[in-house]
Amino acid sequence: MYNLRIAYFLIFSMLIFISACKEQDPVKVENWYDEDQTRLKETYFIKGEDEQVRIGAYKSYYSDGQLKEEKNYKDGDLSGVAKYFDENGTLIEKCEYSKGELHGKRVLYKEGKKEIEETYKRGNYHGPYASYYPNGKLREKGQFIENSMEGEWEFFYESGKLRESVQFEGNKEHGPYKRYYENGELESTGQFENEKETGYWEYYYESGALKEQVNFKEGWEQGVVTVFTEEGDTSKRIIYEAGRVTDYKEY
């Protein structure tokens, strides 16, 4: 009798185990564009009979059969690498997910070429950022920290030559600024404070000769502004008060 009870218990336990396993087995779902099921719209897997909990590979298609999306789910949340394609089958986006949020690199493409490269942390911009011209040259690069532009950002001409360099703090221009001509000569240099020009700025001709000396206060010209010819002679002297001209003299 004792052995019989043991046998019943083992059989009962095995049935429960098998039943539990069946409940967890992935169930494949297919949705179609047409009633005849000749044009597949999407295919994915759900956990048991719970249609809200997707798991594993997911694919969706355009009506002509071209792949539209390719991604992965883990316990109902997007996880891992996801890819998105246009109607011609060209990749337009590749990104990484963790627990349903963008986490890692996200790359956007235009006509098959990399256009924007972003970095995310738990759904927020966090890390290196870069964008590109159609010719593949770098357009701009910088750093995000928790959705905020921080540190040095650089902007480039389509030729690849540096155009601007500016410091950011809290998503605002704040710190040293330099702008260059495409030939590499300095065009202007100064300082920003909360997105406004402040302090002493200098502007240059493309030849490298000094063009203007300007003092700013909270984004407005303040005090004496001196303008020079390309030969180095003083051509104008202007006095400002909070951006308004109070005195003007030409030489």
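The values are calculated or read from the model by the stated rules, or taken from the named source; none is laboratory data. In this text the structure is predicted, and so the values were computed from the model without any measurement. Because the Cβ atoms are built from the backbone with ideal geometry, glycine has one as well, and the counts that use them run over all protein chains shown.
Results for (1) modelled with pLDDT under 95; (2) closer than 30 Å to GLU250 by Cα; (3) small (Gly, Ala, Ser), shown as yes or no for each residue.
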position: GLY136; (1), (2), (3): no, no, yes
position: ARG139; (1), (2), (3): no, no, no
position: MET149; (1), (2), (3): no, no, no
position: SER165; (1), (2), (3): no, no, yes
position: LYS172; (1), (2), (3): no, no, no
position: GLY175; (1), (2), (3): no, no, yes
position: GLY208; (1), (2), (3): no, yes, yes
position: VAL214; (1), (2), (3): no, yes, no
position: LYS217; (1), (2), (3): no, yes, no
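The combined condition, being surrounded by 14 or more Cβ atoms within 10 Å (Cβ to Cβ) and touching a Cys at 6+ places or on another chain (Cβ under 6 Å), is not fulfilled by ARG54. Whenever a residue of the range 183-200 is at pLDDT 95 or above, its partners that are among the β-branched types (Val, Ile, Thr), lying with C-beta atoms within less than 9 angstrom and at least six residues away or across chains, give the pairs GLY190/THR198; GLY190/VAL214; GLN191/THR198; PHE192/VAL166; PHE192/THR198; GLU197/VAL214; TYR200/VAL214. Screening GLY175, GLY219, GLY190, GLY170 for residues that are closer than 30 Å to HIS126 by Cα, among the small types (Gly, Ala, Ser), out of contact with any Leu (no Cβ under 6 Å at 6 or more places or on another chain) and loosely packed, with under 14 Cβ neighbours inside 10 Å leaves exactly one candidate, GLY170.
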